[in-house]
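Remarks on the structure that follows.
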Amino acid sequence: MKISRFHLTQEQIVIGIAAALFIVFSVTLSRFFVAENLFTLVRNVSALGILATAMAVVVLGRGMDLSIVSTMAMSTAWAFYLAGHGFSIETALIIGLGFALMVGLINGMIIAYAEIPAIFCTLAMGIFVFGIVRVKLIDFEVVYMPPNASAIAWMEKRYFLSWSWP
């Protein structure tokens, strides 16, 4: 007589815990399972999903990138700062993207050619990026989305396709 064991993978355990928490929150919190809140949750974790995808690419290449969060935050803040100070939103976003790509290229060149371990290079680059943007490029503590960013402001107005929430 064979006794089969039920084995769960790590992915199945994480999905099970997430589903259980979702059910518990839906039952116990009065406004958790409404469209507005679910859309807000998805919108708030979308940046983390993008960063996780980028980090997955780096980890698959047997690397480590500790500068990814500061590069994302500072390039976005600088792009919004530029858009609020006379640049079109398209130009500002292209400059922000170029800045982020430049940081990644410099990281890659230092790691590949100077043979500095990725963890040290990217830690130093993350601190450098935050410092240089904060001290030299932006003169505010908080950078808000500029008024001329109407092309991306639809997310704040809670519009998804042609359907809006109250």
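The values are calculated or read from the model by the stated rules, or taken from the named source; none is laboratory data. These figures come from a predicted structure and were not determined experimentally. Positions of Cβ are generated from backbone atoms using ideal geometry, with glycine treated the same way; all protein chains shown enter the neighbour counts. Ligands, DNA and RNA are stripped out before the accessible areas are found, and what is left, the full protein with its side chains, is counted by its heavy atoms. Shrake-Rupley method; radii C 1.70, N 1.55, O 1.52, S 1.80 Å.
Observations on the model:
- A Cβ-based charge dipole, computed about the Cα centre of the chain with Lys and Arg at +1 and Asp and Glu at -1, lands at about 480 debye.
- Highest average packing first - 13-19, 108-114, 125-131, Cβ atoms within 10 Å: 125-131, 108-114, 13-19
- On a per residue basis, the range 69-152 carries 61 Å² of accessible surface, using protein heavy atoms and a 1.4 Å probe.
- By a 1.4 Å probe calculation restricted to protein chains, Arg43 has an accessible surface near 50 Å², given to the nearest 10.
- The computed Cα Rg over 2.2 N^0.38 Å for the structure shown corresponds, within [x] 1.32; [y] 1.36; [z] 1.24, to [y].
- Here the extension length gained between Tyr144 and Thr9 equals 44.4 nm, from 0.36 nm per residue of separation less the Cα-Cα distance.
- Length gained when the stretch Val34-Ala20 is fully extended (0.36 nm per residue, less Cα-Cα span): 3.3 nm
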